Amino acid sequence: AASCTGILEEDPPGAVSLTNFYLSEDDAIAGLYGAYSVLYSVLGAAAIDYGELNADDLTISPLVADNYSWDYFTYNSDVTGPLWQSCFSGINRANEVIQYTPRIDMNEAAKADIIAEAKALRAFYYFQLVRVMGGVPLYQSPTVGFDSMYLPRASEEEIYGVITRDLQEAATELEPTSAAGRINSNVAKALLARV
């Protein structure tokens, strides 16, 4: 059963690919906001479990059996998968901003600020991962294709080295104040102090 006389040519206006994105300052900002958007899932309800349940600062309800995995350190992919997936999604989005924004013809100061914010976000996501899981795969460029999808784990020291470098660069580049909800040099310095 067919209804079309010709082959479907897809050109949806909402589709985003590297051929039609990162062409303007608005694209760079949209990409940056995409990296920010992952914060909600990283810092969602389960984020507290990684420290507070293990430290016995929270009581486990028998109605939520998964929380016993936290208390007894018997994590599995069902428990840790959401953090892993969210952080690496944020890292990949930040890496895209860092790699593709430099090619945009725009104000150089604005470009440097966008890249610095993306580096601070990448550092934040890696900090969440390394504190919980130790060494994790280290991606400093976007994942394109399947060749680099399964990198081996880097050491904790390597991860902390990237985190520290990214936060130092962000703290140096960014202004001490910013629009609400955006990273500035004070936020980068505070996170660096925590690291």
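The values are calculated or read from the model by the stated rules, or taken from the named source; none is laboratory data. Note that the structure is predicted; figures quoted are calculated from it, not measured. Positions of Cβ are generated from backbone atoms using ideal geometry, with glycine treated the same way; all protein chains shown enter the neighbour counts. The protein model used for the area step is the full one, side chains on, heavy atoms only, and it has no ligands, DNA or RNA in it. Shrake-Rupley method; radii C 1.70, N 1.55, O 1.52, S 1.80 Å.
If you go through the stretch 98-137 and keep only what is basic (Lys, Arg) and closer than 24 Å to GLU25 by Cα, you end up with ARG103, LYS111, LYS119, ARG122. Yes or no: PRO62 modelled with pLDDT under 65 and open to solvent by 30 Å² or more (accessible area, probe 1.4 Å)? No. List every residue pair whose Cβ atoms lie under 8 Å apart, where the two residues are 6 or more positions apart in sequence or sit on different chains, the first residue falls within the stretch 151-164 and is more than 11 Å from LEU129 (Cβ to Cβ) and of a type outside the set (Ser, Thr, Tyr), and the second residue, located anywhere, is in a helix (DSSP H, G or I) and open to solvent by less than 40 Å² (accessible area, probe 1.4 Å). Cβ pairs passing all conditions: VAL162/ARG122; VAL162/ALA123; VAL162/TYR126. Collect the residues in the stretch 111-169 that are open to solvent by less than 40 Å² (accessible area, probe 1.4 Å), more than 15 Å from the chain's Cα centre (by Cα) and closer than 22 Å to TYR33 by Cα, keeping them in residue-number order. The answer is LYS111, ALA112. Looking at (1) assigned to a helix (DSSP H, G or I); (2) at pLDDT below 95; (3) surrounded by fewer than 20 Cβ atoms within 10 Å (Cβ to Cβ), can you tell me which one ALA179 breaks? Among (1) assigned to a helix (DSSP H, G or I); (2) at pLDDT below 95; (3) surrounded by fewer than 20 Cβ atoms within 10 Å (Cβ to Cβ), the lone unmet condition for ALA179 is (1). Each residue in the stretch 85-110 was checked for being open to solvent by 10 Å² or more (accessible area, probe 1.4 Å) and under 17 Å from THR164 (Cβ atoms), and 1 pass.
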